[in-house]
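Trainee: One structure coming up, written as structure tokens, with questions to follow.
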Amino acid sequence: MALFQQIEAQKELLTGEKLNNLNLFLESGFPTKKDEEYKYTNLREITEKDYQFLPNLEHKITDSQLNALHLGEADFDYIIFINGKLHPNLSRISFENVELFSLKNALSDSNKKGEISKYFDTIANQKQAFINLNRAFASDGFFLKIAKNQIIEKPIHVFYLSQSQTQNTFYNIRNLLIAEEGAHVEIIESHHNFDETYTFTNSVTEIFSDKNSKADWHKLQNDSEFSYLMDHTFVKQERDSLATVNTFSFGGKLTRNNLDFIHNGENINSFMNGITIIGKNQLVDHHTAVHHKTPHCESYQNYKGIFKDNSKGVFNGKVYVDQLAQKTNAYQQNNNVLLNEGATIETKPQLEIFADDVKCSHGCTVGQLNEDALFYLRARGIGKEKATALLLVAFAHDAMQNIDIEPLKKKISALLTEKLEVDFQI
């Protein structure tokens, strides 16, 4: 039974708002290549498989397995989900003035529900099929609120682990992050499938960055070949705030990243950076959008891709500049290197500008390594493999410039050398 039929069969188990959201999904169904937003991404590999909707909650995750997933940091805080469920006993939040709850429990708590309803579901795009699917089936996630002027000095690493599943498993994750006025927080997110059955994770995250706050979210995507990820992240920023989403895509069979930034005040800064290095038959699709609605704001997008074997990349970056958003400064760049004849990239940067006093630029490149630079290195006694890796590392490096978490930077550097199959550290 294909996934659509499995979802349709769940109707009798849902009621109220969840049933309404399921019906909205069923009206449209899964996006196909006839849909402009999915023109280059075929989802049939995902949607023709069978999945269980209720994962086995038992697991055999050991301390050594958990320790191996950390980035070598000694004092980071962390949030651990196993088989779709938050495990507070395995998580650690050491800061005061920080509220952390399982989103499932927070929504069922009458005292918390009123506070959460001010934010929850207010910026996620209700016209997207996977958003409605998440609304219908989301089982858990986290609600994290950073109090006014609270500076979280240590990053928080969020782990999503799947283990002991004998069938393909469908996870729906829903997260909510609120950084109040003057607050600072950094999140690292990673997914790990320990089984050889497939996981399909449909994740929706809403981030609210209040006045003069700073919210950074780093996505470390290096899951197994038995993993599919559909990720939607929405960021709403208020005046004088700074928000960053870095996406590092190395693993997983098919990964789709949907990213929307919404400006709601002046002097806002938004940063989106991405590094993709994939091979075999992997696919990574980045779809970004920045909505400049207010004056004197800046956005910066810099995505680099390195594609081997028969892998495929997609980049579609959009910048919308409203008529009121004068003095906007928007930069968008996507550069790609194809290492094999079978590798492909579809890239489409877009600008829609309705203001006349702006500085906006976009561009993309697709090609191979610079032969003159490669010859220069080889003429100095550097082997072809190492010379190639050096050039590729240099190519990807500027997309790492705003990572200020040293263990994360070292991890990304190690993954670069691993994926490029070289034996030196950066």
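Trainee: Could you tell me which residue out of 272, 242, 262 lies farthest along the dipole of the range 233-282 toward its positive end? Charges go on the beta carbon: Lys and Arg +1, Asp and Glu -1, centred on the Cα centre.
Mentor: So the residue furthest toward the plus end is 272.
Trainee: Between the DSSP loop rule and a limit of at most 12 other Cβ atoms within 10 Å, which GluC sites (Glu not before Pro) in the range 87-125 are left?
Mentor: Hits after loop and neighbour filter: 96.
Trainee: Sorted from largest down, give the three principal axis spans of the alpha carbons of the chain, whole angstrom values.
Mentor: Here the spans come out as 69, 53, 49 Å, largest first.
Trainee: Cross-link candidates for residue 39: which lysines have Cα within less than 23 Å, leaving aside residues fewer than 8 places away along the same chain?
Mentor: 49, 127, 253, 280, 304, 308, 312, 318, 348
Trainee: Looking at the range 3-419 only, what percent of DSSP beta bridges run antiparallel? Nearest 5 please.
Mentor: 5 percent
Trainee: Compute the distance from the alpha-carbon center of the range 92-161 to that of the range 25-72, in whole Å.
Mentor: 20 Å
Trainee: Can you tell me the length gained on complete extension of the stretch residue 99 to residue 139, counting 0.36 nm per residue apart and subtracting the Cα distance?
Mentor: Separation in residues times 0.36 nm, less the Cα-Cα distance, equals 12.4 nm.
Trainee: Let me ask something additional. With a ≥ b ≥ c taken as the square roots of the eigenvalues of the C-alpha gyration tensor of the range 233-312, please select rounded if a/c is under 1.5 and otherwise prolate if a/b is larger than b/c or oblate if it is not?
Mentor: Because a/c hits 1.5 or more and a/b exceeds b/c, the range 233-312 counts as prolate.
Trainee: Between the range 244-266 and the range 289-318, what is the C-alpha centre distance in whole Å?
Mentor: Each part's Cα centre sits 8 Å from the other's.
Trainee: Could you give the size of the charge dipole of the range 1-113 about its Cα centre, using +1 on the Cβ of each K and R and -1 on the Cβ of each D and E, expressed in debye and rounded to the nearest 20? Before the final figure, lay out the partial values.
Mentor: On the way: 13 positive and 18 negative charges, 56 e Å.
In total the dipole reaches around 260 debye.
Trainee: Continuing with this model, one more query. Run the simple label-point estimate for residue 365 and residue 122 please: 7 Å along Cα→C-beta, distance reported in nm.
Mentor: Distance between the two pseudo-spin positions: 4.3 nm.
Trainee: Same structure again: Give me the percent of Cα-Cα pairs in the range 1-81 that sit more than 18 Å apart, rounded to a whole number. Spell out each step's value before the answer.
Mentor: Details: 2086 of 3240 pairs.
Tail of the P(r) past 18 Å holds 64 percent of the pairs.
Trainee: Based on Cβ point charges of +1 for Lys and Arg and -1 for Asp and Glu, what charge dipole magnitude is obtained for the chain about its Cα centre, in debye rounded to the nearest 20?
Mentor: I would put it at about 360 debye.
Quick note: the coordinates plus some simple rules give every number you see, no bench work behind them. Quick caveat: nothing in here was measured; it's all calculated off a predicted structure. Here the Cβ is made from the backbone with ideal geometry for all residues, glycine too, and neighbour counts use every protein chain on show.
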